[in-house]
Amino acid sequence: MIDYSNLDLLNGIRRNDTIVLQYIYKNFYSKINFFIKKNSGDDDDANDIFQEAIIIIFRKLKANELVLDCTFETYLYSVCRFLWLKQLEKRKIEKEKIKDNHEYHEDLYDDGLEKVADLNERYRLYQKHFINLGKDCQKILQLYFDKVPLKNIAQIMGFKSEKYAKKRKFKCKEYLIKSIKQDLEYNKILSGDN
């Protein structure tokens, strides 16, 4: 069996390398699963936290904001632990009762992790409402977010004019924002009570 170095693992995540990701899952998931199940969670929670941790590490790598001063395993465990504590806070379970027997990094707050975790939550909320939009609205907004000019959006969507495309984009965006703001999660994220 191949044994990957910290650098191999980080590069694998950066490249979205399936073999490296399978290796990470196979070698490190069980400890995360054990920790979460021992601390008021279940298999679904462990899967969600593990995936979110990999996404956070990926984003930090892409932004060149990740410098490891421990093993990859310790860092991954620390990110998962941090995310699970945030989740338990939401569920109002006291941190003091956390049962933990694995090495972890306490300095993750200084590591910009809070910011990336919040971005992840905001993105998840956005995605949740975006997929509930009608297909046309999704397509219009996706083109708009991809910086496609309104004139081209009108052509792609088969609209008669650029003005109509602009009006539709405005309505879709307005609807999406309204939908997000009505979500109970929105206020929790805004107030930092997550």
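Derivation of every value follows stated rules applied to the coordinates shown; laboratory data play no part. Just so you know, these numbers come straight off a predicted model, no measurement behind them. Here Cβ is always computed from backbone atoms with ideal geometry, including for glycine, and neighbour counts include all displayed protein chains.
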Item to check | Reachable lysines from residue 139, criterion Cα separation under 26 angstrom, eight or more residues apart if same chain | outcome: 128, 147, 151, 160, 163, 166, 167, 169, 171, 173, 178, 181
Checklist entry - Which FRET efficiency value, to the nearest 0.05, do you get for residue 152 and residue 90 by plugging their Cβ-Cβ distance into 1/(1 + (r/R0)^6) with R0 = 41 Å? => result 0.45
